[in-house]
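Step one of this worksheet: look at the structure below.
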Ligand code: 4AD
Ligand code: MG
């Protein structure tokens, strides 16, 4: 018999129909005459209740129907007596597909900590929380592609192995097939990469931007959505060593157009989640409320769905770095030395505590900060007339801090070349990027949205390790 997914069963089941459902047992409750099984197959957050009469021949199998076991049930859809669900299934036939020994199965039907679930990442897809996150993550991936398709963008697969450092921050993972115990050396003692797989030094990419810019000069509107890798030793709740980034790049767009695109794109994604993932969002919202019950009221965050709607309904504040520095200098936490990093002068890099102060305390809505000092931003950004700032933009979100980083790009060959020389970036890595400024160069802009940062915001989760299936962080590459 063909399997019916629990989601479609709950949406369109007819009372009296005979169906086959398969999935994993969440809980089993036995009474004198019948057993109640809560079954989930991942298609929805909701379980279907299966009622098994102890008189049924198959009921002998019930001891094997424990949490985590995979079962197949054929039965009749009936209206439920219980208050938690509209329908349930009266089992006629029960088959245990895969047992899960209760003495060994780590996911018991009780609340587990997120830390514990991370240790069993291979099993956490079966927890309600991670199931909800997984469905929302898929939904957001789909919405990203849908948004760009609807707006005439082309998706470009940029390379994962590269020879250049797009952000110039030097936080790269090296890719090599050389024998680490027996490295070929040049006469001066340095490693001879001509013997390496690609005949040169290569790394995992930190960003697909440089390559996607080349596609933009020809296709006009492009984006890349791929894995990116950063060997920064930041053990925070917002950093991963391997994360996914969405990077659109648009010909003829200046910084204002870039801000408009970023704001419209983020709002589209959030609206998409509200329209398509409400069951999962409601669960996560309640989960968050439970978690925050102990906290004093002024420290609790805004209810999740309210928060998502709030972002949709408000225009993002657009503020220059110079204005932001003044606000921060005048702020209470700066004057009272409550910040870990005190803002003293123009030119200081902003930490997430400052970004969050601007968003959560001062403006109380998302903020787009623009026109940063050139010295704290990447080499490719459009240099301003003032000679000090670049046309950068960071989008700052409540609880997250920086969710997007982007800029208008320097399209002038001489200016870009000077900058590359000044910073000592090897020209043999950048010749092709510089070439784009020689042949049909145009004003253009783009940005990078950290996909897991978006997921943090949409799900309300507090730790980035809980919104990606298999997090990679310093000292951790399990699974
Ligand atoms: O600001 P970033 O470094 O910008 C770039 O890489 C540009 N090349 C993007 C572009 O203009 N095409 O990174 C962009 C975003 C950040 O705003 C943040 O959301 C996310 O990527 N991000 C991280 N997310 C998780 N873990 C990390 N270690 C991250 N580093 C950056
Ligand atoms: Mg950035």
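The values are calculated or read from the model by the stated rules, or taken from the named source; none is laboratory data. Predicted, not measured: the structure shown is a model, and the values here were computed from it. A quick note on method: Cβ atoms are made from the backbone with ideal geometry, for glycine too, and the neighbour counts reach across all protein chains shown.
Remark: pairs (first residue in the stretch 75-103, without any contact (Cβ under 8 Å) to a residue 24 or more places away in the chain and outside the structural domain of residue 51 (by TED's automatic domain parsing); second residue part of a strand (DSSP E or B) and surrounded by fewer than 16 Cβ atoms within 10 Å (Cβ to Cβ); Cβ separation under 6 Å; 6+ apart in sequence or on different chains) are absent.
Picking from residues in the stretch 387-397 that are more than 8 Å from ligand 1 (Cβ to nearest atom) and either in a strand (DSSP E or B) or under 22 Å from residue 442 (Cα atoms) (or both), the one that is farthest from the chain's Cα centre (by Cα) is 387. If you check 468, 425, 420 for being touching a helix residue (DSSP H, G or I) at 6+ places or on another chain (Cβ under 9 Å), surrounded by 13 or more Cβ atoms within 10 Å (Cβ to Cβ) and assigned to a helix (DSSP H, G or I), only one passes: 420. Consider residue 38 against the criteria (1) within 14 Å of residue 84 (Cα to Cα); (2) assigned to a helix (DSSP H, G or I): it satisfies all of them except one. Which criterion is unmet? The failed condition is (2). Within the stretch 212-245, the set of residues being within 14 Å of ligand 2 (Cβ to nearest atom) and under 25 Å from residue 432 (Cα atoms) comprises 228, 230, 245. Whenever a residue of the stretch 384-413 is under 14 Å from residue 449 (Cβ atoms) and away from ligand 2 (no atom under 12 Å from the Cβ), its partners that are in a strand (DSSP E or B) and at pLDDT 95 or above, lying with C-beta atoms within less than 9 angstrom and at least six residues away or across chains, give the pairs 397/367; 397/403; 397/404; 400/450.
Among the criteria (1) touching a residue at least 12 places away in the same chain (Cβ under 8 Å); (2) away from ligand 1 (no atom under 16 Å from the Cβ); (3) in contact with a strand residue (DSSP E or B) (Cβ under 8 Å, 6 or more places away or on another chain), the one residue 177 does not fulfil is (3).
Within the bounds of the stretch 460-471, is there any residue that is touching a residue at least 24 places away in the same chain (Cβ under 8 Å), within 16 Å of ligand 2 (Cβ to nearest atom) and touching a strand residue (DSSP E or B) at 6+ places or on another chain (Cβ under 6 Å)? No, the conditions are met nowhere in the stretch 460-471. When the residues of the stretch 398-410 are narrowed to those that are assigned to a strand (DSSP E or B) and near ligand 1 (Cβ under 9 Å from one of its atoms), which ends up farthest from residue 259 (Cα to Cα)? Filtering first and then ranking leaves 401. Taking strands (runs of 3 or more DSSP E) as the structural unit, those lying wholly within the stretch 196-257 and holding at least 2 residues that are farther than 29 Å from residue 150 by Cα correspond to 202-204.
To keep it simple, each residue is scored yes or no on (1) under 23 Å from the mean Cα position of the chain (by Cα); (2) buried (at least 17 other Cβ atoms within 10 Å of the Cβ); (3) in contact (Cβ under 8 Å) with a residue 12 or more places away in the chain.
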{"residue": "200", "(1), (2), (3)": "no, no, yes"}
{"residue": "223", "(1), (2), (3)": "yes, yes, yes"}
{"residue": "230", "(1), (2), (3)": "yes, yes, yes"}
{"residue": "243", "(1), (2), (3)": "yes, yes, yes"}
{"residue": "247", "(1), (2), (3)": "yes, yes, yes"}
{"residue": "256", "(1), (2), (3)": "no, no, no"}
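Do we have residue 442 as away from ligand 2 (no atom under 14 Å from the Cβ), touching a strand residue (DSSP E or B) at 6+ places or on another chain (Cβ under 8 Å) and either touching a residue at least 60 places away in the same chain (Cβ under 8 Å) or part of a strand (DSSP E or B) (or both) here? Answer is yes for this residue.
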